[in-house]
Amino acid sequence: MENQQKPKLSNFEREYFIQTRKEIDTEKRERDQMLNFAVLVLGGIGFGVSQSQSAQQFLQESQALVIEIPALIIITSLFWVRYKKLKQIADRWFALYRIVMRYFGRERVEEMLEGLVYKNLTGWRYILKDFVLNIALCLPVYALILLPSFNRYLPVQPWRLGVSASVIVLHCVISSIILGRKIHDPLPTLTQE
């Protein structure tokens, strides 16, 4: 069996690798802060509603959609920014993956963090999590949208229920379009075995 000596990392590559890993950690923290902000927005809306009798009455009216739809847009926009941040993080991981592939080979890299992250970035693991969190955080707003359709003093009004259901379905479809796209490695395919 032929013993092939792999080249060693240059000082520049070593520093580049370390700096890129630090940048990934910074980007991940910023991404998590966006999730915290989404929860804060939702909590603020909930607190405001719970403290005001007039707000509670307003939310039982059809006109409340003028507040509820922007709330859905805000929450989903934060997840869209998280998706864009994930793409930036992915680009860095793809670059690191190339470096370790060059120096360690495919078999060893598959057992390294870079290989594991590379494989999962091009799959659904990270994307699906944010899509599910987006829908989960929007559930209270969905409930507020449906609330006027089930007024205890009036019979169920099909047109209100239809409008409410349409808004919710449209939001889910738009969310899946903007948050459900897989991430692709922008670098050329590796042929090294």
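Each value in this text was obtained by applying a stated rule to the coordinates, not by laboratory testing. All of these numbers come straight from a predicted model, not from anything done at the bench. Quick reminder, even Gly has a Cβ in these numbers, built from the backbone with ideal geometry, and neighbours come from all protein chains shown.
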Dipole magnitude of the chain about its Cα centre (Cβ charges: Lys, Arg +1; Asp, Glu -1), debye to nearest 20: 100
Coil-residue GluC sites (Glu not before Pro) of the stretch 15-98, DSSP, other Cβ within 10 Å capped at 13: 61
Extension gain from residue 113 to residue 189, taking 0.36 nm per residue of separation minus the Cα-Cα distance: 25.4 nm
Proximal lysines relative to residue 22, as straight alpha-carbon distance under 22 Å, when same-chain residues fewer than 8 apart are discounted: 8, 84, 85, 87, 119
Relative contact order (%) - criterion: Cα under 8 Å, at least six apart; region: the stretch 43-161: 35
Listed values (i) 43; (ii) 59; (iii) 48, entry calculated as percent of Cα pairs over 22 Å apart: (ii)
Helical mean residue ellipticity (222 nm; -39500 (n - 2.57) per DSSP H run of 4+; nearest 500) of the chain: -26000 deg cm²/dmol
Phi-based couplings in Hz for the stretch 168-183 (Karplus 6.51, -1.76, 1.60; Gly and Pro marked x): 5, 5, 4, 4, 4, 5, 4, 4, 5, 5, 8, 10, x, 8, 5, 8
